[in-house]
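Beneath this line is the structure, given in structure tokens, with notes to follow.
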Amino acid sequence: MERKRLKILFFFVVIYCCAIPPSLYMTSVYRATIPFQDIIDRLRTRELERQEVHVRIVGVGEFNVLSGMHLLHYLHMLSDISCANAKSDNQAVCVQFDVIANVPQGVDTEQWDRALRRAEDVIGVGAEREIGSGEEARRDDDLGRVLADIMPSHNGAYTIVWAHSKHANTGNEFAVGTVGQYRHGWLVSQGNLDEEKAKEVAVHIDRLTSVITGAKHMRTTGEMVESTLPLATAYRVSYMLWNEACALEWDFPEIFEGYLAGLFDRLSDIADYSHESQVLHYVPMLQEPVRTSDGRAGYREEDLPFVYPTTLLSNDFTGFRTTINLVGYVPADRSLHVLRDEDRVARTDSFLMPQIGGLTFMPAPASAAGGGCRRAPSQAEKAHLGVSFLQQIRLLHNLDDFGENQKVLTSGIRSLRVIRLAVSDVSLWERDWLIRSRTVEYRARALDNIRALVFMLAEFQNIVIPDSIRDDVMGALRFLDEVSEAVQEGRLDDAVRHAKWALRAAEEANFDEKMLSQLYFPTEHRIAVFVPLLLPALFPVVGKLFSEFRHVRAKRA
Amino acid sequence: GASGGRPGAWRAAPMAGAALALAALVWAGALAGGAGAPPVHTNNWAVLVSTSKFWFNYRHAANTLSMYRTVRRLGIPDSNILLFLSEDVACNPRNVFQGQVFNDREHGLDLYGPEVEVDYRGAEVTVENFLRVLTGRHPAEVPQSKRLLSGPGSNVLVYLAGHGGDTFMKVQDSEILLNTDVSDALAQMESQGRFRELLLFVETCEAATMLPREGQIRGLLGLASSAKGEKSWSYQHDPRVGVSVIDQVTYHTLDFLESIGTDSRATFQDLTRHLSGQKLSSAVVTSGSGLAQKRLVDFFGAVPAPASVLTHVPALPVRPPPRPQPGTEQEEPEEKEGVRKQPSSSRVPPLAVTPPVRLEHAAAVALLAPILALVLSAM
């Protein structure tokens, strides 16, 4: 009997001893290994390596060795200032000027001479120029191709062709610089090329360089460059044609291929874009237009945010994809304009709806043939929509708005008028600038996401960390390493791609539905649940154990 | 007390974790100083929550619906409002005014109607859903209409009405929302850049205990209807409805907001001055640097970002015929269930995986234990 009691007692003791470890083990929190301390140490270093941009100055025309030396001297000074400023202002871009006086290494002399003559021809040294003309654009295109052939440039190297002529017609008021669609620009100077003139030319070259490289736009210490668009690695572009009545259809693929495809091709490394289009009929504006004294109808600029129906605009944010809405509005029976004052009509009938896209008022259409309701757009209407959408996309991406294709940079020295030859949707130098700024923004945002996630996971020890979260975090860090490497080597395309992937991985981890700390059982709660279950049953077992022990001792005694 | 859900009000992080968290806080604070001026205010969002169930908590739903009506009137569109209503008082069988909700005895204004868009109703009003909305951590199937899509330029109003106590609020009579939960969520929002400024307006008993500590979260402002140890009282009982229909502080706040328009320059100082002149049974508590000078419409209204008119549109020629490649859509790799999307040229090597304990193993241990005990005891 005694042995039987002991066996039963021993049975329960073993049960408890076997049960407790599995209970604790099965309720332990699974946390994939993430090196929190390493990551935190690493996140202290937030600055992106400073990018060096090389600008080659190629001189053509009537200048002598002495003036060339003066120019070189001032350019070196400006280069030192630029890099010193870049360091102190935490800018990402430091410009190094190289003045090419001789034939570049590896380039055939005859080819070089041909290139210089072509440059003179383009610039029209000694001849009349039609600044900003189509012919000038064509010649610039030729020059760009020639330069690209003989001096292949990778991202981070630009060419400025400087031409000097005692007789060139650059206009009376401003010096003129020109930028085209490649990675080059050109500057024409005139007059007596003394030391003072060389200094002025050096400053103009520096200013033209700042336009091409976007040097002033960059920051490295996580201070984000403000974009008009919300920052995202993917965008859904929604094109809408709103008809006040039922007037116009559109052949969207033709408009897209004609005006927008090239732009999105060039931006494809920077973000992912998807496109969709729709046509809506019987969509009135929310307010009646006002009339000017000459009978034109329109909306005041300050009223614009209130006139269009925002409910029709998509704001889909699922999957970290931001929507850009581009709207063409076709009024029923009278053209609509944007009014600056009571009577003054704005230069365009197109405006940005900040953060969400842009809207363009189309001219009131002629009625459809045969008195029908709908008709296809004319070539002019397609062009109106296409270029408006193009310009809106450019501005939404913070690409520089060259008003009337030119901008004036003023300073103490004679102002510089920079003309952008409108030969393309986005120039390679603009793309470079966008890539640089997006690399910085993506990187900073990815770091913010990783920091927020790591901070939360380190603080809450009971949050389950599945392997997918770990993989995303480590993947994001690896991509960020590759960003630094690519930036150092001047591979801007790789840098922005990896920065994009880093941000995507970091956001997917940080915004994962499982990363809600309040879903998890704190450690002390496990004890609070299991102790009340096990402890009451343990008392009689332990008590009996002691009783048996005393009984056995007494018997032996 | 609460039943179900999370029972405790405290968690004790292990020493190592606490030390790490402290280090991270100090370091994060130092680095956070790298940001310059706050972002430009571009839009407004409102999260309006009534946490109470049952007919006799009619006033909490009326509080929230009144706030909903006011923010809509001042310009926040429905697409930017997330409305949580735990109890459908409008259609409650006890409601003599079926389909209608009033916040005063005169029944001059029906707060409920076909234009009211309730985003989370009934059983959907949970602590988890509320915290998911704040932190943005939703399952993929949650539609965008139920998400807070705010960003660094957003001013967010979070309004909570219900029963509460010292550092907690009751949700649905079955859960508790703790002030630590709210603080954690708001801190995460701040680190994620989900708001420019956030006003947390709490209308409960001991509402001030729900506000995070001042200065803990950058950009956070607080307005509470009662201090610690105080109750928050109803304003008016409606004999026809049979219950109280609105709370004091909410009533007087909305009464003041009714007098302003979308371009008003009235500030929180004006509001608190107005509240201090009313017969309130509790003390209104505010927190946050510079709250007094902030405009009311910065949170209760909407700021439409100004439109930018294009200065010119370039005259570009039409491009040559379409490119050889067909189609214009960017191809995205399909996101399959459970498979995380990776770029095609990713060089991330696969990592070794430690599988978690499987249930079958646990069941095997549970079965073997008594057998083992029997064997040992027989020896």
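The values are calculated or read from the model by the stated rules, or taken from the named source; none is laboratory data. Worth saying up front: this structure is predicted, and the values here are computed from it rather than measured. Don't worry about glycine lacking a Cβ; one is built from the backbone with ideal geometry, like all the others, and counts go over all protein chains shown. The accessibility values were calculated without ligands, DNA or RNA, using every heavy atom of the protein model including side chains. Shrake-Rupley method; radii C 1.70, N 1.55, O 1.52, S 1.80 Å.
Grab the beta carbon distance between A:GLN37 and A:PHE320, set R0 = 25 Å, and tell me the FRET efficiency rounded to 0.05.
Working from the Cβ atoms, E equals 0.30.
Between A:HIS281 and B:SER264, what is the label-point separation in nm under the 7 Å Cα-to-beta-carbon projection?
So the label points at B:SER264 and A:HIS281 sit 4.5 nm apart.
Under 5 Å between amide hydrogens, which residues at least 5 positions from A:SER277 or on another chain qualify, with H placed 1.01 Å from N in the peptide plane?
It is A:TYR239, by chain and number.
Could you work out the local net charge near A:LEU248, counting Lys and Arg as +1, Asp and Glu as -1, over the other residues with Cβ closer than 9 Å to its Cβ?
0
Just how far, in whole angstrom, is the stretch B:67-120 from the stretch B:203-248 if you go by their alpha carbon centroids?
If you average the Cα positions of each part, the centres end up 19 Å apart.
Between A:MET77 and A:ASP401, what length comes free when the chain is fully extended (0.36 nm per residue of separation minus the Cα-Cα distance, one decimal in nm)?
113.7 nm
Per Stokes-Einstein, at 37 °C and 0.692 mPa s, what whole-number D in µm² s⁻¹ belongs to the stretch B:53-158, with the Kirkwood radius over Cα pairs as the hydrodynamic radius?
Translational diffusion coefficient: 220 µm²/s.
Under 5 Å between amide H atoms, partner at least 5 residues away or on a different chain: which partners does B:ALA283 have, H built in plane at 1.01 Å?
Amide H neighbours of B:ALA283, under 5 Å, 5+ apart: B:ALA227.
Across the stretch B:147-158, in residue order, what do the Karplus-derived ³J(HN,Hα) couplings come to in whole Hz, using 6.51 cos²θ - 1.76 cosθ + 1.60 with θ = phi - 60° and x for Gly and Pro?
With the stated coefficients, the stretch B:147-158 comes to 10, 8, 9, 7, x, x, x, 8, 9, 10, 9, 10 Hz.
Give me the net charge of A:ARG266's neighbourhood, meaning all other residues with Cβ under 10 Å from the Cβ of A:ARG266; Lys, Arg count +1, Asp, Glu -1.
-3
Label A:ALA332 and B:SER79 with points 7 Å out from Cα along Cα→Cβ: what is the distance between them in nm?
Result: 2.4 nm between the two label points.
Quick one: Debye curve from the alpha-carbon atoms of the stretch B:153-241 only, equal weights, vacuum; give me log10 I(q)/I(0) at q = 0.11, 0.23 Å⁻¹ to two decimals.
These q points yield log10 I(q)/I(0) values of -0.33, -1.11.
Residues with amide H under 5 Å of A:GLN190's amide H, sequence separation 5 or more or different chain, H placed in the peptide plane at 1.01 Å from N; which?
Under 5 Å from the amide H of A:GLN190: A:SER165.
Any chance you could run the full-extension gain for B:THR311 through B:GLN236? It's 0.36 nm times the residue separation minus the Cα-Cα distance, nm to one decimal.
So the extension gain works out to 21.4 nm.
Output ³J(HN,Hα) for the stretch B:261-266: one whole-Hz value per residue in order, computed from phi by the Karplus curve 6.51 cos²θ - 1.76 cosθ + 1.60 with θ = phi - 60°, and x for Gly and Pro.
x, 5, 10, 5, 9, 4
In nm, to one decimal, how far is the B:LEU109 label point from the A:PHE306 one, both placed 7 Å along Cα→Cβ?
1.9
Show me, for the stretch A:181-186, the HN-Hα J-couplings you get by feeding each phi into the Karplus relation (A = 6.51, B = -1.76, C = 1.60, θ = phi - 60°), rounded to Hz, glycine and proline as x.
Taking θ as phi minus 60°, the curve returns 9, 9, 9, 8, x, 9 Hz for the stretch A:181-186.
Please give the per residue accessible area of the stretch B:114-245, computed with a probe of 1.4 Å over protein heavy atoms only, in Å².
Heavy-atom accessible area per residue stands at 35 Å².
Starting from the Cα-Cα distance between A:LYS514 and A:LEU533, subtract it from 0.36 nm times their residue separation and give me the gain in nm to one decimal.
Roughly 4.0 nm would be gained on extension.
Tell me: how much accessible area in total is hidden between A and B, 1.4 Å probe, Å², nearest 100?
Summing both sides, the interface buries roughly 8300 Å².
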